[in-house]
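Right, one structure below, let's go through it.
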Amino acid sequence: MSDYAIALTNVSKSYRLWGRGSQFATLKSALLKRDLALTPETSVEAVRDVSFAVDRGEAFGIIGRNGSGKSTLLKLISGILKPTSGSVRVNGRVAALIELGAGFHPEITGRENIYINGIMLGLSRREIEARFDQIVAFSGIPEFIDQPVKTYSSGMYVRLGFAVAVHVDPDVLLIDEVLSVGDEEFSAKCVAKIQEMKYRGVTLVFVTHQLDQVRNLCDRALWIDHGEPETIGDPVRVVDAYLQAVSSTQTAPARVSTDDVKTPIADTPRDDAGEEERWGSGEVVLSRVVLVDSRGDELVALGPGTPVSIEMDVTVRVPQDDFVFGVGIYHADGTCVYGTNTDLEGLMPERIETNGRVRFVMPALDLVAGTYRIDAAVHTRNGRAFDYRRGVIRFVAGSRVHDIGVYRPKHHWKFEGGIAFREIDLEQRNVPVEVAEAMREARKPRGKV
């Protein structure tokens, strides 16, 4: 916990509810009662016994239904609210974009609000002046910067607020759902800026209903429901658990007419990072997933440029009209090498009723030497998993060339001018050049005498 940016320990937040019996109808009735003290009729816990820590430089997403306590959590982290019980600890300068127009005075101009907000976030006037042009340029509203903020649209509020928040060099950036107010162009700019800040080591915490952003941007995610944490961990798994819960409340679970398997896929945590992790509803199942060569033989190791296919045997328990097949290739350190699915590639599902097989064919898989894993999944178009198999295949890629990275593009070298090289056989790269050249000469076909 020594390197944390945010730590919440057993945090609860209650709001008092005032009923009609605890309110005075008029000033006269209050004076006649001779007791101006008001007592709440009851209270409601918006957040209940929440504990988690966010590491420095981590991107952390918070998801859940409306009214589940997401925004309350952000306000507790930012210091806007104080917890009823428990402790909240934050290390570093915090910038928050929590409510539309929060911190802006409507009667003064955008220029003046930039200075006021910058000072509130801990910058000096000189530091604000040095960043002013960048803030205005990022907001995209230079022609309105000297107009009163009360004349701004909701989108302009967001543009200016986000521009200020990301240019004060915060250690922790808190973002609520307000980004959804912006247009597509500005949303893309915000996502790019968030990624840049993530790479610079800024800790990011954001609440959103845009679940793809959680999957793509977050290192971890928290699903909170009725003020209590449901699950926390890998964002893909957390988002899928949330979608499963939402789907189960919207539609009754389908009955399976077959007698083979009638239960969803087991959702057991991994005991070891090398083991497969699997979850989903089980309505459609990837019963077998293997990596094979062009002859159909199963592979656990392959060389550079090897033609391979990912084969997925599909078992249908409940016929579906909405389904997507996807694959992802990851390096052992978690870096995504490549990922795609049938929906991204324009294949619209029609109907799946009986068992079948899906092949993802790659004429060449040019990977740098290392250990890799493959994820395979079948899910709905909105991401609700039927069967998600993380790390279902693990394999080793070999190479005679000790280059770095994950992917080796097709390439060759060209040289001009006075640059000369002697080519050696890479199989003999660890022996003296003279020996390698002698061996190559010995392998050359000899002409007829």
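Each Lys or Arg adds one and each Asp or Glu takes one away; over the other residues whose Cβ falls under 12 Å from the Cβ of Gly334, this sums to -2. Treating r as the C-beta distance of Arg351 and Arg125 and R0 as 56 Å, the FRET efficiency rounds to 0.30. Every Cα-Cα pair in the range 279-419 was counted, and those over 23 Å apart are 40% of them. Phi angles of the range 155-161 translate, via the Karplus equation with coefficients 6.51, -1.76, 1.60 and θ = phi - 60°, into HN-Hα couplings of x, 5, 3, 4, 4, 5, x Hz per residue; Gly and Pro are given as x. With R₀ set to 45 Å, the beta-carbon distance separating Ile404 from Arg16 gives a calculated FRET efficiency near 0.15. The listed peptides 120-128, 410-418, ordered by packing as a protection proxy, come out as 120-128, 410-418 (highest mean of other Cβ atoms within 10 Å first). Remark: for residue pairs Lys13/Lys189; Lys189/Lys410; Lys75/Lys193; Lys75/Lys189; Lys193/Lys414, the C-alpha separation exceeds 29 Å in Lys13/Lys189; Lys189/Lys410; Lys193/Lys414. If only the Cβ of Lys and Arg carry +1 and only the Cβ of Asp and Glu carry -1, the dipole of the range 279-419 around its Cα centre is close to 280 debye. Orientation-averaged projection of the range 130-177 equals 3.8 nm² [convex hull of Cα atoms, one quarter of hull surface area].
Using only Cα atoms, locate the centre of the range 42-101 and the centre of the range 190-237, then give the distance between them in Å, rounded to an integer. Here the answer is 13 Å between Cα centres. Taking Cβ atoms as reference points and 12 Å as the exclusive limit, the residues near Val11 contribute a net charge of +2, counting Lys and Arg as +1 and Asp and Glu as -1. Evaluate E = 1/(1 + (r/R0)^6) for Met362 and Asp322, where r is the Cβ-Cβ distance and R0 equals 35 Å; express this FRET efficiency to the nearest 0.05. The value I calculate is 0.85.
Here, each number is a calculation from the coordinates, and none is a lab measurement. Only a predicted model underlies this, so the values are computations on that prediction, with no experimental measurement involved. In this analysis, Cβ positions are derived from the backbone assuming ideal geometry, glycine residues included, and neighbour counts consider all displayed protein chains.
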